[in-house]
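K.L.:
Quick one: the structure is below, questions incoming.
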């Protein structure tokens, strides 16, 4: 089964979600509280209840617990869930006994009246044609099948973990003709995590992991190993399914994060399954075929999808950036030759706009080609890009700084910084310090010692800017205040 598109409105914190083109391996990103988990819940609710929508089902809610599903608990507005599901001929045959491809597009409306949830279809299309009354009856077993083809993996839930252990024990106790599947899974775990030499059940009750020849019960192993085994088992047992995963990287070393998710991505590319996963890990993002970006505006969450096609990836490679650099950033500043990236970072921090805290990334523009490609990424990925320095383009996205960064340095700080790296200006050079422009003076000092100042400019600028007495351009202060006001996406 493949979910190719999804839309939702008024569900929990989600004001509007429009994902017109989902891929095989989709990654959801966004700051905490932006609605990533709500998105997975909306997809799960839709696929599990498509039949309820088609059959106009009503569910009593005497305790009014389901009101929590409505955005701002405002049940006067209906929830709408919609999407397109594609099934292969073999899957349709398992559902209705007849091989044929099937594309199902459905939109359902959920209303709340008299302590009851009421489901009803808005539109239903089968293979791009409106559904007839006969088609409704034929579709019921298909929707029953769809409801079984979606799994949800939480970050950690003891009940869910226990249910997985039970399923794992049942596979371990399989008849001899099915035992191969258990051994294949054991080999998969050992291949993925070399520290695990084997797994088995003690008296068919409790999973024992052979950790470098030392048997350990699973609940006594590191939580990262528990997470790995749980994820591998879920994906191993989910061929043909859509698997929704919350932050698979939790408690894993970065290299293990990449290894596990690369394995899953490879399975998705081979059409073994489809994945939608949330993440805060920059090691997961490069594997994504599509990135779903969650943003918050006026206490409401919105979602959009970006495809990481070959053209986008080639542009990132040329500019020397990764998907994690861009999607985990709130603002991207591009410096021209007048200022260096590291100096701009220190300037921003000194006026209270800490780049790490506010998600500010700073890169150097080396040519007009760089600027053109950055503007291309800005449009394709919905980035916030500002040029800092020499504004050669007529654009509001540029902060003009008409002087070299050296003109903002305190000269005493410059001398102190040079001494820290073993460059001690002579008396004659110190006398020239107040006569020459600082950039010319620095070039002369470095040249006398056989060094090229321009090649060391960014590092020297970083060292000097660390001094508390450094002046910050007014234009940078204004930009910093604007960024702080806009806040995080």
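No lab work stands behind these numbers, since they all come straight from the coordinates. All values reported here derive from a predicted model rather than from experimental measurement. As a convention, Cβ positions derive from the backbone with ideal geometry for all residues, glycine included, and neighbour counts pool all protein chains shown.
K.L.:
Taking only Cα atoms of the stretch 341-427, what ratio of Rg to Rh do you get with Rh as the Kirkwood inverse-distance radius?
P.N.:
With Rg and the Kirkwood Rh in hand, the quotient comes to 1.06.
K.L.:
I need the Debye-formula profile for the stretch 171-281: one equal scatterer per C-alpha, no solvent, reported as log10 I(q)/I(0) at q = 0.19 1/Å, two decimals.
P.N.:
Normalising to I(0) and taking log10 leaves -1.07.
K.L.:
Send over the Kirkwood Rh of the chain, from the inverse of the averaged 1/r over different Cα pairs, rounded to one decimal Å.
P.N.:
One decimal place: 26.5 Å for the Kirkwood radius.
K.L.:
Can you give the relative contact order of the chain as a percent, counting alpha carbon pairs under 8 Å and 6+ residues apart?
P.N.:
This gives 15 percent for the chain.
K.L.:
Over what distance in Å are the Cα centres of the stretch 434-489 and the stretch 165-192 separated?
P.N.:
So the two Cα centres are separated by 61 Å.
K.L.:
Taking every pair of distinct Cα atoms and averaging 1/r, then inverting, what Kirkwood hydrodynamic radius in Å comes out for the stretch 268-393?
P.N.:
It works out to 16.1 Å.
K.L.:
Would you give the gap between the C-alpha center of the stretch 11-79 and the C-alpha center of the stretch 293-354, rounded to a whole Å?
P.N.:
The stretch 11-79 and the stretch 293-354 have Cα centres spaced 29 Å from each other.
K.L.:
List 247, 195 from most exposed to least, where exposure is judged by having the fewest other Cβ atoms within 10 Å.
P.N.:
Arranged by neighbour count, lowest to highest, 247, 195 become 195, 247.
K.L.:
Also, quick follow-up: On full extension of the chain, what length is gained from residue 205 through residue 454, given 0.36 nm per residue of separation minus the C-alpha to C-alpha distance?
P.N.:
82.9 nm
K.L.:
Another question, then. According to a simple spin-label model (label point 7 Å from Cα along Cα-to-Cβ), what is the distance in nm between residue 379 and residue 125?
P.N.:
Those two pseudo-labels are separated by 2.8 nm.
K.L.:
In the stretch 128-263, what % of DSSP beta bridges are antiparallel (nearest 5)?
P.N.:
Antiparallel bridges: around 70 percent, rounded to the nearest 5.
K.L.:
Grab the beta carbon distance between residue 48 and residue 407, set R0 = 41 Å, and tell me the FRET efficiency rounded to 0.05.
P.N.:
According to the calculation, E is roughly 0.05.
K.L.:
Provide 259, 166, 345, 350 in ascending order of the number of other Cβ atoms located within 10 Å of each residue's Cβ, fewest first.
P.N.:
166, 259, 350, 345
K.L.:
Please give the calculated 222 nm ellipticity per residue for the chain, where each DSSP H segment of at least 4 residues contributes -39500 (n - 2.57) and the sum is spread over every residue; nearest 500 deg cm²/dmol?
P.N.:
About -12500 deg cm²/dmol.
K.L.:
Here's something else I'd like to know. Nearest 10 degrees, 0 to 90: what angle lies between the long axis of helix 411-420 and the longest principal axis of the chain (Cα atoms)?
P.N.:
70
K.L.:
I've got another one for you. Quote to one decimal, in nm, the extra length available between residue 300 and residue 269 on full extension: 0.36 nm per residue of separation minus the C-alpha distance between them.
P.N.:
7.8 nm
K.L.:
Tilt of helix 179-192 relative to the longest C-alpha principal axis of the chain, in degrees (0 to 90, nearest 10)?
P.N.:
Around 10 degrees separate the two axes.
K.L.:
Give me the one-decimal nm value for the distance between modelled label points at residue 310 and residue 96, 7 Å along each residue's Cα-to-Cβ direction.
P.N.:
For residue 310 paired with residue 96, the spin-label model returns 3.8 nm.
K.L.:
Neighbour counts of other C-beta atoms within 10 Å: give me 391, 398 arranged from fewest to most.
P.N.:
391, 398
K.L.:
What are the radius of gyration and Dmax of the stretch 1-56, computed over its Cα atoms and given in Å?
P.N.:
Calculated on Cα positions, Rg and Dmax stand at 12.0, 38 Å.
K.L.:
Suppose we keep just the DSSP beta bridges with both residues in the chain; what percent of those would be antiparallel, to 5?
P.N.:
Restricted to the chain, the bridges split so that about 65 percent are antiparallel.
K.L.:
Determine, from the Cβ-Cβ distance of residue 253 and residue 176 and an R0 of 41 Å, the FRET efficiency 1/(1 + (r/R0)^6), rounded to the nearest 0.05.
P.N.:
About 0.65, to the nearest 0.05.
K.L.:
State, to one decimal in nm, how far the label point of residue 155 lies from the label point of residue 223, with both points 7 Å from Cα in the Cβ direction.
P.N.:
0.9
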